[in-house]
Amino acid sequence: MSKFSKFMKANKVEKQNEMYAPTKYLCDENGKPLEWEFKHITSKENENLRDECTIEVPVTGKPNMFRPKVQSGKYIRKMIAASIVVPDLYDAELQDSYGVKDPEDLLLAMVDDPGEYNELAAFVQRFQGFDVSFNDKVEEAKN
């Protein structure tokens, strides 16, 4: 028996999907808000999302020097979209019904109330294991 047997993948607890109703404006026939299904993303998927949302910005007063900057709004949108299982944000018919052509734009069209969108972002960040939201960290860094 390996000294690392407790760390083997077979012993890892599988993360369960979760249901959440992000908007009160999409309801079933009884007027109850529709629940969406969310999945956990991996650390690797998260790194890829963050890399896609990182740009190089010039350092003030230092020519030819740049620092990385995460575009937090874009990163949060991509994380939310990557987490959603149902509805399928990649479905062409669903995108067409809202007049959009990409999952992040569809997300913003479906949850178009700013307060609800902020609550959804907070839910997804907690669900993905971030106890303090990314936006809170940005605000803390500014102070």
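The table below gives the values:
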| quantity | calculated |
| --- | --- |
| Estimated inter-spin distance, Lys62 and Lys9, nm [label 7 Å along Cα→Cβ] | 4.1 nm |
| Average accessible area per residue (Å²) across the chain - probe 1.4 Å, nucleic acids and ligands excluded | 71 Å² |
| Where the Cα pairs of the range 42-112 fall when distances are cut into 10 Å bins, in % | 19, 37, 26, 13, 5 |
| Cα principal axis extents for the chain, largest first, Å | 59, 56, 31 |
| Computed over the chain: relative contact order in percent, which uses C-alpha pairs under 8 Å that are six or more apart | 19 percent |
| Potential extension, Met19-Leu108 segment - 0.36 nm per residue separation minus Cα distance | 30.2 nm |
| Simple spin-label estimate for Glu29 and Glu119 in nanometres, 7 Å along Cα-Cβ | 2.6 nm |
| In sequence order, calculated HN-Hα J values of the range 114-121 (Karplus, 6.51, -1.76, 1.60; Hz; x Gly/Pro) | x, x, 5, 4, 5, 5, 4, 4 |
| For Trp36, distant residues with modelled amide H under 5 Å away | Tyr20, Ala21 |
| Fraction in percent of alpha-carbon pairs per bin - 5 Å, the range 1-45 | 5, 17, 13, 15, 12, 10, 9, 7, 5, 3, 3, 1 |
| Computed accessible area, Leu49, all protein chains, 1.4 angstrom probe, square angstrom | 20 Å² |
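The values are calculated or read from the model by the stated rules, or taken from the named source; none is laboratory data. Here the structure is a predicted model, which is why all the values come from computation and not from measurement. For neighbour counting, all protein chains shown are included, and Cβ atoms are generated from backbone atoms with ideal geometry for every residue, glycine included. Surface accessibility is based on the protein's heavy atoms, side chains included, excluding ligands, DNA and RNA. Shrake-Rupley method; radii C 1.70, N 1.55, O 1.52, S 1.80 Å.
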